[in-house]
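The values are calculated or read from the model by the stated rules, or taken from the named source; none is laboratory data. All figures in this text were calculated on a predicted structure; none of them were measured in a lab. Cβ atoms come from the backbone with ideal geometry, glycine included; neighbour counts cover every protein chain shown.
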C-alpha cells in the first residue's frame, strides 16, 4: 500500500494540483492537512476513483483522507484536547485529526498544533495533543491490525532535519520537550517512524526569503507505522516548485503487510 501525506495549504486553491498528483503518483491513500475549508466546501474527487473523509472549518486547519482502497469506520476524535485562544472561552475540538480504515489499515491524518511560541498556551496544547495520540495508540498496540499515522507534526526530529540550527534558537519545533513528545508517541504506541530514512531531506520551505530556491527547509511531515513493513520513502519536491505550490511537499511511503 502506498500512502502519501501532504500539507496542501488550502485544498480549494490547489484542487488541480491534487488531481495531477493522484494521476501520476499511484498512491493508494493520500492524507491532506490544512485543507482550510468546511466539509461542504471540500472538492469531490470521486471521479478520480478516490473516496474521501474530511473534517474542517472555514479558512483554518482541516484534515482529509483520500483512498482508492476503501474508506470505512471514519473517526475525527482520538481523545484529543480542546482549545481556544481565549483562556476564558469554552474550548472547542479543532479539526486536526481524521482516521479511517483503508484497505484493512487504520490510517490517521494529523495536523499537530504549531505551538506558536514556547511561552504560549498553544505550546502546551501541542504537547497535550501528542500525548493524547500516544495514549490512543498505546491502548491499541496489542491489536494485530496495522496502523499508519501521518501528517504535519510541526516538530523537527533532529538537527540534521533543518537548514540552520541557530535560526531556531529560542523557538518551537526543536525543543527537547517537543522531541520527547514525538519519541514518546513512537515508544508508547509501538510505532516506527517510516520516514526516518529521509533524515536530512526537507519537506517544508517557507515562502519568504526564497527558502525553497536556497534549499533552506525543514523536515516536519512524517509517517509512523505499526504492523507494516515500510520502504522507499520519498519527498516529491516537484510539488513544491512552480506557481501556486503549497509550502510543503508530499511525503510518500510504500508499506507491505
* To do: Return yes when residue 214 is modelled with pLDDT of 95 or more and surrounded by fewer than 17 Cβ atoms within 10 Å (Cβ to Cβ) and no when it is not.
  => yes
* **Filtered residues of the range 71-95 (kept if touching a residue at least 12 places away in the same chain (Cβ under 8 Å) and more than 21 Å from the chain's Cα centre (by Cα))** => 85, 87
* Within the range 59-118, track down each residue that is touching a helix residue (DSSP H, G or I) at 6+ places or on another chain (Cβ under 8 Å) and at pLDDT below 95. => 85, 87
* **Any pair with Cβ under 6 angstrom, 6 or more apart, that starts in the range 137-158 at a residue that is on the phi > 0 side of the Ramachandran plot and assigned to a loop (DSSP other than H, G, I, E, B) and ends at one that is at pLDDT 95 or above and surrounded by 22 or more Cβ atoms within 10 Å (Cβ to Cβ)** => 154/112; 154/220
* Restricting the range 236-257 to residues that are free of Cβ contacts under 8 Å to residues at least 24 places away in the same chain and over 24 Å from residue 107 (Cα atoms), the residue that is surrounded by the most Cβ atoms within 10 Å (Cβ to Cβ) -> 238
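Checking the condition in contact with a strand residue (DSSP E or B) (Cβ under 9 Å, 6 or more places away or on another chain), surrounded by fewer than 17 Cβ atoms within 10 Å (Cβ to Cβ), farther than 22 Å from residue 140 by Cα and free of Cβ contacts under 8 Å to residues at least 60 places away in the same chain, which residue from 197, 233, 176 passes?
Values: 233 fails: surrounded by fewer than 17 Cβ atoms within 10 Å (Cβ to Cβ); 176 fails: in contact with a strand residue (DSSP E or B) (Cβ under 9 Å, 6 or more places away or on another chain).
Step by step, each of 197, 233, 176 is checked, and only 197 is in contact with a strand residue (DSSP E or B) (Cβ under 9 Å, 6 or more places away or on another chain), surrounded by fewer than 17 Cβ atoms within 10 Å (Cβ to Cβ), farther than 22 Å from residue 140 by Cα and free of Cβ contacts under 8 Å to residues at least 60 places away in the same chain.
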* Top-ranked residue in the range 1-35 [being assigned to a helix (DSSP H, G or I) and touching a strand residue (DSSP E or B) at 6+ places or on another chain (Cβ under 8 Å); ranked as nearest to residue 59 (Cα to Cα)] -> 18
